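The values are calculated or read from the model by the stated rules, or taken from the named source; none is laboratory data. Note that this is a predicted model, so its numbers are computed, not measured. All Cβ positions, glycine included, derive from the backbone under ideal geometry; neighbour counts span all protein chains shown.
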Amino acid sequence: MNADASGSPPSRGKSVLFCPECRFESALSDGWLVVSDGDERTVVCPECGHVADHRSERSAPTPQHAD
Ligand SMILES: [Zn+2]
C-alpha cells in the first residue's frame, strides 16, 4: 500500500511570533502577552517587554449599550 502524505506537514501552520529583541519564539496564543484595549490589541513579549505587534481593529462596529 502506498500511503502518500496527503496533507500538511506536522507542527506547521501555527502562527508563531518571533521577538527580534530577545529571540523569544512562541505561538501567539501560547506564551505572548496579548493586551486588548478597546479596539487595539498589543502583543508584548513576556521575556523583554518588547511590543511585537500592535494593531487596531476597527472593522466591527461598537455595540451601543442603551442603559
Ligand atoms: Zn523579547
Subset of the range 1-24, residues closer than 25 Å to Ser56 by Cβ and either within 16 Å of the ligand (Cβ to nearest atom) or at pLDDT 90 or above (or both), comes to Val16, Leu17, Phe18, Cys19, Pro20, Glu21, Phe24
Name the residue that is modelled with the lowest pLDDT, counting only residues in the range 25-67 that are under 11 Å from the mean Cα position of the chain (by Cα) and among the polar types (S, T, N, Q). Ser29
